[in-house]
Amino acid sequence: MSISLLPGHPHTAYRDGELCMASHALSALAQAHGTPLFVYSKAAMLDALAAYQRGFAGRNAQICYAMKANSSLGVLQVFAQAGCGFDIVSGGELERVLAAGGDPGKVIFSGVGKTRAEMRQALVAGIGCFNVESESELEVLSDAALAMGLRAPVSIRVNPNVDPKTHPYISTGLKGNKFGVAHERALATYQRAAALPGLQVVGIDCHIGSQITDSTPYLDAMDRVLDLVDAVEAAGIPIHHIDFGGGLGIDYNGDTPPAADALWAQLLAKLDARGYGQRRLMIEPGRSLVGNAGVCVTEVLYLKPGEQKNFCIIDAAMNELPRPAMYEAFHQIVPLSPRHGPGTVFDVVGPVCESGDWIGRDRALDVRPGDLLAVLSAGAYCMSMASNYNTRGRPAEVLVEGDKATLIRARETAADQMRHERLVG
């Protein structure tokens, strides 16, 4: 058997000319479940998690999966069973964690716009910590907890004004971003939190962005956060845990982010040097755990030549793969059964009625209508951001583990979408 690995995707490879994930030919899964189809490798997720676990070996640390990257129940179950906590940003995400068997005591609730109802829901569940993002949120959360006879455990998210050198839409740690409390206001905010009767200060939090491929912003942010820990504890407010967020990038197109264990070797050395090496640590990786564990399989519908552009029209669209339309992001697109001809340069586009519905620009492909393609690195921020625009049903999802392939989401129908709608009169 001839095997040709895909760089950055160790569990996806060509075997005798057929693209496979684990022992499964993706074409066979597409035949069984239709297209578009998301396929995820459990082994790839656990391998990515293992890099963080190696990095934290011997440390008092908790890894909380940032589930906004991919919130499918089957994916959450993988991380719950591996002992992870979860970083959530809504009450709906909390319900998903509980449905997947996650431990509410290992849940961190982030986000700038928590409602009173969501706060009450999280307090009833007994979550581990609220990452508070504004001074006004402190007041509301304290009132909500007091009304229930409780004290809410809080960590304040600090905005360190560090440039993560990523896309502006996924940069979260600069002064112009909506997230967190300004570094200059952090001490006063901690003093206010410590004075509110419905709150218990337990930590400090910092998250500077997503798809970060350079370790320097992390090191800079850590210095600023540790300076604040010094100041807050000098004011008599103990900090029990330090949360450094997530945001580590993956290889989409020759990107070279540091490996998770190598990154944390650098960060832990800095922690040790500053005397915080034994402090409780929290991190919230998302994309780096699931991004390269998933592919989207799609069928070529039509080839449309033009004077300026040739178009390869596929049955996947911006509904399922929103990152190119939102961020001009790059995903590799490869055939399931390569022909090895010179190919034609195409823009790969979907059927949605928007000019922004493109998946890849200027790709050389030797394809025919009916061929199957794989859009790689589709495990993060694809299905979790999928929509029903044009009344398109969300795709099926399959999780593969060894010789087992499990359908973890059935394909959505128009009837599913209309279930809660009503005609008038």
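Among residues that are of a type in the set (D, E, K, R), within 25 Å of the chain's Cα centre (by Cα) and in the same structural domain as GLY180 (by TED's automatic domain parsing), GLU139 is not included. The C-beta contact set for the stretch 294-312 (first residue among the charged types (D, E, K, R), second residue surrounded by fewer than 15 Cβ atoms within 10 Å (Cβ to Cβ), distance under 8 angstrom, 6+ apart or interchain) comprises GLU299/GLY370. Confirm whether GLU18 is outside the structural domain of ALA152 (by TED's automatic domain parsing), in contact (Cβ under 8 Å) with a residue 12 or more places away in the chain, acidic (Asp, Glu) and closer than 27 Å to ILE333 by Cβ. It is true that GLU18 is outside the structural domain of ALA152 (by TED's automatic domain parsing), in contact (Cβ under 8 Å) with a residue 12 or more places away in the chain, acidic (Asp, Glu) and closer than 27 Å to ILE333 by Cβ.
When the stretch 326-353 is limited to residues that are surrounded by 15 or more Cβ atoms within 10 Å (Cβ to Cβ), touching a strand residue (DSSP E or B) at 6+ places or on another chain (Cβ under 7 Å) and without any contact (Cβ under 8 Å) to a residue 60 or more places away in the chain, the one that is farthest from ARG411 (Cα to Cα) turns out to be PHE346.
Can you spot a residue in the stretch 123-146 that is part of a strand (DSSP E or B), surrounded by fewer than 16 Cβ atoms within 10 Å (Cβ to Cβ) and either of a type in the set (Gly, Ala, Ser) or at pLDDT below 95 (or both)? For the stretch 123-146, residues part of a strand (DSSP E or B), surrounded by fewer than 16 Cβ atoms within 10 Å (Cβ to Cβ) and either of a type in the set (Gly, Ala, Ser) or at pLDDT below 95 (or both): absent.
Residue-by-condition table, conditions (1) in a helix (DSSP H, G or I); (2) closer than 14 Å to LEU373 by Cα:
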{"position": "SER4", "(1), (2)": "no, no"}
{"position": "PHE38", "(1), (2)": "no, yes"}
{"position": "ALA44", "(1), (2)": "yes, no"}
{"position": "ALA48", "(1), (2)": "yes, no"}
{"position": "GLY58", "(1), (2)": "no, no"}
{"position": "GLY74", "(1), (2)": "yes, no"}
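Among the residues of the stretch 401-416, some residue qualifies, meaning at least one is at pLDDT 95 or above and in contact with a His (Cβ under 6 Å, 6 or more places away or on another chain).
Among the listed residues ILE208, ILE204, which satisfies the condition of being modelled with pLDDT of 95 or more and either touching a helix residue (DSSP H, G or I) at 6+ places or on another chain (Cβ under 9 Å) or buried (at least 17 other Cβ atoms within 10 Å of the Cβ) (or both)? Write out each step before concluding.
Working: ILE208 fails: modelled with pLDDT of 95 or more.
Checking each option against the conditions leaves just ILE204.
Where residues in the stretch 346-398 are basic (Lys, Arg) and more than 11 Å from PRO36 (Cβ to Cβ), which of them is nearest to the chain's Cα centre (by Cα)?
ARG361
The values are calculated or read from the model by the stated rules, or taken from the named source; none is laboratory data. Because the structure is predicted, anything quoted here is derived from the model rather than measured. Positions of Cβ are generated from backbone atoms using ideal geometry, with glycine treated the same way; all protein chains shown enter the neighbour counts.
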